[in-house]
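Written out below as structure tokens is the structure these notes cover.
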Amino acid sequence: MNNVKLIGRLTKDPELNERSGKKVCDMRLAVNGPGKTPPVFIDLAAFGERADSSAELKKGDQVEVTGALRYSEWEAKGSRGKNPQKRSKHSVIVRELAAA
């Protein structure tokens, strides 16, 4: 089962876009660790009706997110198109999102 639950604050205003005819809201969440551990930053993506409601949130809002963890890999071009570098990241596909 792929299920993630996080509570954190949005690092910037959500961005509502349309990709392949579907509404997508991209967000970034800062999740504090225990003690003096630095925060972890997680990208979030909400689709459809969740995208519309998520777009109403603002930077600094505390939210609770439930979703599925996704891993992505790609190759980024180096300077002047040389030496491509492999990149990767984890993100969460939002199933539920609520102000905390």
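Out of the residues in the stretch 39-52 meeting the condition of being part of a strand (DSSP E or B) and open to solvent by 60 Å² or more (accessible area, probe 1.4 Å), tell me which one is nearest to SER91 (Cα to Cα). Show your work before the answer.
Within the stretch 39-52, the subset part of a strand (DSSP E or B) is 40-47.
Going one step further and asking which of them are open to solvent by 60 Å² or more (accessible area, probe 1.4 Å), we end up with 40-41, 47.
Working: VAL40: 12, PHE41: 9, PHE47: 14 Å.
Of everything passing the filter in the stretch 39-52, PHE41 is nearest to SER91 (Cα to Cα).
Consider only pairs whose beta carbons are under 9 Å apart and that are at least six residues apart or on different chains; among these, list those whose first residue lies in the stretch 81-92 and is loosely packed, with under 10 Cβ neighbours inside 10 Å and whose second residue is at pLDDT 90 or above.
The qualifying pairs are LYS86/GLU73; SER88/TYR71; SER88/SER72; SER88/GLU73.
Across the stretch 24-38, which residue is farthest from GLU96 (Cα to Cα) among those that are in contact with a Lys or Arg (Cβ under 9 Å, 6 or more places away or on another chain) and open to solvent by 80 Å² or more (accessible area, probe 1.4 Å)?
Going residue by residue through the stretch 24-38, those that are in contact with a Lys or Arg (Cβ under 9 Å, 6 or more places away or on another chain) are 25, 27-32.
Cutting the leftovers down to open to solvent by 80 Å² or more (accessible area, probe 1.4 Å) gives us 28, 32.
On the way: ARG28: 15, ASN32: 20 Å.
Filtering first and then ranking leaves ASN32.
Suppose we keep only residues that are in a strand (DSSP E or B) and farther than 19 Å from ALA99 by Cα within the stretch 2-23. Which one would you say is least open to solvent (accessible area, probe 1.4 Å)?
Going residue by residue through the stretch 2-23, those that are in a strand (DSSP E or B) are 4-10, 15-19, 22-23.
Now restrict to residues that are farther than 19 Å from ALA99 by Cα: 17-19, 22-23.
Values: ASN17: 64, GLU18: 129, ARG19: 111, LYS22: 134, LYS23: 91 Å².
Per the criteria, the residue is ASN17.
Could you grab me the full set of residues in the stretch 67-100 that are of a type in the set (S, T, N, Q) and within 12 Å of the chain's Cα centre (by Cα)? Full working, then the answer.
Filtering the stretch 67-100 for residues of a type in the set (S, T, N, Q) gives 72, 79, 83, 85, 88, 91.
Within the stretch 67-100, just SER91 meets the criteria.
Just for the stretch 53-80: of the residues that are within 15 Å of ASP26 (Cβ to Cβ) and not charged (D, E, K, R), which one is surrounded by the most Cβ atoms within 10 Å (Cβ to Cβ)?
The residue in question is SER54.
The values are calculated or read from the model by the stated rules, or taken from the named source; none is laboratory data. What you see is a predicted model; the values in this text were computed from it and never measured. Glycine gets a Cβ as well: all are built from the backbone with ideal geometry, and neighbour counts include every protein chain shown. We work out accessible area using only protein heavy atoms, side chains counted, and drop any ligands, DNA or RNA first. Shrake-Rupley method; radii C 1.70, N 1.55, O 1.52, S 1.80 Å.
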